[in-house]
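Below is one structure; the comments refer to it alone.
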Amino acid sequence: MHSDKSVKREHWGSKLGFILAAAGSAVGLGNIWKFPYIAGENGGAAFIFVYLICIAIIGLPVLIAEVLMGRTTQRNPVGAFRKLSNSPFWSAVGGLGVLAGFVILSFYAVVAGWSFGYIVEAIKGSFSSFTKVGASGDYFSSLTNNIVWIVGYLAVFMGLTMLIVYFGVQKGIERASKIMMPLLIIILLILMIRGLTLPGADKGLEFLLKPDWSHVTPQAILIALGHAFFTLSLGMGAMMTYGSYMSKDDNIPNAAFQIVILDTLIALIAGIAIFTAVFAMSENPAVGPGLIFHTLPVVFSKMAGGYIFAILFFILLTIAALTSAISLLEVVIAYFVDERGWQRHNAVITFGLVAFIVGIPSALSFNVMSDFTIFGLNFFDFVDFLASNILLPLGGLLISIFVAWVWGFDKALINLKYGAERLFDNHFWIIATWKVFIKYFAPVLIFLVLLNSIGIL
Ligand code: TRP
């Protein structure tokens, strides 16, 4: 029961609206929390260099492919694959994407909930007494051990996500992105300037920007590849869904390029803001995932004006997570609206609630369910691993194979040309390069990431 053409599909109100919404999806916990610490652990500038290459040879090409599939079909991932192939197998690949979106939303919202909770803690001044990371780590554990705190903020964050998606593409997602993305950039610049003006900031810059090639192992390259993928929200149809609200006269390669630049710059600026402050306050940069919730509160408590900067930082992190979460929920909603004929409002309430409920075991993994394991991982780590390390690379692999080999290049190019006629006429080499990358490089490299994820490589 799919409502072909019967209901008028929503569209973005402007090109900028699409770019900000898509950049909002891309810029998330991955940029502000994960990128700085993996860059720090894997050779600083040398890793960043490898990462930029990965973004160029698989990130950008797959992003273009996803947006193109969405715009061409004007459908959610399941409908998009079906319309282009008429095959149950490929429709199921779209279904896998919808499922991945749902699963990612459920645990992503748990961490985003902590971030929201930390805005409140920062306002309460809870960090002011921390002088050691041990103390702030204990404080973090005491919060995440508190079921009411952790499930409560999961609910608050999911509620915010639902509220935005409830109002639809233009009035909800686009409007929220147009407010939140500029705010995010302003806060980030303030934090970067604060970091750079601290005495000792140069050591942080050196840590992040001085290339150490000895760290760039094959493993580090695979991490860079995997992250290039995750940070651009690829592999599960989020960008396809956002692309499905585009009109034919938008220039896809151009828009994709701008999204990639925004995502990359924001990750780099976040890295600079964080590491200048961490080094200036003589804290350990190499703590991995604990960097944000353990180390930074101590950094803020030691820093002049840290009270305000802490509040700003967690607002920044929450905004970044929120604009990503809305794109995850939108994939699920688009599927039920397009394919199952649901009303948007009902779909948002139903599936937002279901995602919240599925998120509860992830939240409880930090307390009462910490001993419950699947393949040796707690529930949170398991769903994170399943989605980020298996479903996303698998989805990305299949999307690039689909566009290059199943849908076929000639048809893809005809559709890509709409809105990009000048690029086709004047710089066809860019298009030709895209073709080679999506046809050969992307599938092979993503396959290697997948093998690495499941421990074969
Ligand atoms: N790109 C997001 C980040 O960097 C995370 C993410 C991965 C995502 N896949 C996604 C977000 C799909 C939305 C949709 O944090």
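Whose amide H sits under 5 Å from the amide H of ASN378, counting only residues 5 or more places off or on another chain, with H placed in the peptide plane?
none
Counting each pair of different Cα atoms once, what's the Kirkwood radius of the range 328-426 in Å, rounded to one decimal?
In the range 328-426 this quantity evaluates to 17.1 Å.
Please report the base-10 log of the normalised intensity I(q)/I(0) for the range 15-453, using a Debye sum with one equal scatterer per alpha carbon and no solvent, at each q in 0.06, 0.09, 0.10, 0.12 (1/Å).
-0.23, -0.54, -0.67, -0.98
Could you tell me which of the pairs LYS15/LYS210; LYS34/LYS417; LYS132/LYS178; LYS34/LYS411; LYS178/LYS248 are separated by over 29 angstrom between their Cα atoms in the structure shown?
On the way: LYS15/LYS210 37 Å; LYS34/LYS417 35 Å; LYS132/LYS178 39 Å; LYS34/LYS411 37 Å; LYS178/LYS248 22 Å.
Violating the 29 Å limit, Cα to Cα: LYS15/LYS210; LYS34/LYS417; LYS132/LYS178; LYS34/LYS411.
Just need the relative contact order of the chain here, percent rounded to a whole number, with Cα pairs under 8 Å and 6+ apart.
Numbers: 750 pairs, mean separation 156.3, N = 457.
Averaging sequence separation for qualifying contacts and normalising by length gives 34 percent for the chain.
Distance between Cα centroids, the range 119-183 to the range 210-282: provide it in whole Å.
The two parts, judged by their Cα centres, are 22 Å apart.
Rounding to the nearest 10 and keeping the result within 0 to 90°, find how far the Cα-based axis of helix 45-54 lies from the longest principal axis of the chain.
With rounding to tens, the tilt is 20 degrees.
In the range 1-141, what percent of the accessible surface is made up of carbon and sulfur (1.4 Å probe, ligands and nucleic acids excluded)?
Numbers: 3190 of 4730 Å².
Carbon plus sulfur share of accessible area: 67 percent.
Averaged per residue, what accessible surface does the chain expose to a 1.4 Å probe, in Å²?
Numbers: 17560 Å² over 457 residues.
Spelled out: the 1.4 Å probe surface of the chain, per residue, equals 38 Å².
Could you tally the net charge around TYR307, taking each other residue with its Cβ under 14 Å from the Cβ of TYR307, Lys/Arg +1 and Asp/Glu -1? Before the final figure, lay out each step's value.
Values: positive: LYS124, ARG194, LYS302; negative: GLU121.
Net charge around TYR307: +2.
Tilt of helix 306-340 relative to the longest C-alpha principal axis of the chain, in degrees (0 to 90, nearest 10)?
It works out to around 20 degrees.
Which order do the peptides 283-291, 31-39 take when ranked by the mean count of other beta-carbon atoms within 10 Å per residue, highest first?
Values: 283-291: 15.4, 31-39: 23.6.
Going from most to least packed, we get 31-39, 283-291.
Between helix 88-124 and the chain, what is the angle of the helix's C-alpha long axis to the longest principal axis, kept within 0 to 90° and rounded to the nearest 10?
30
The values are calculated or read from the model by the stated rules, or taken from the named source; none is laboratory data. What you are looking at is a predicted structure, and each value in this text was computed from that prediction instead of being measured. As a convention, Cβ positions derive from the backbone with ideal geometry for all residues, glycine included, and neighbour counts pool all protein chains shown. Surface areas here come from the heavy atoms of the whole protein model, side chains and all, with no ligands, DNA or RNA. Shrake-Rupley method; radii C 1.70, N 1.55, O 1.52, S 1.80 Å.
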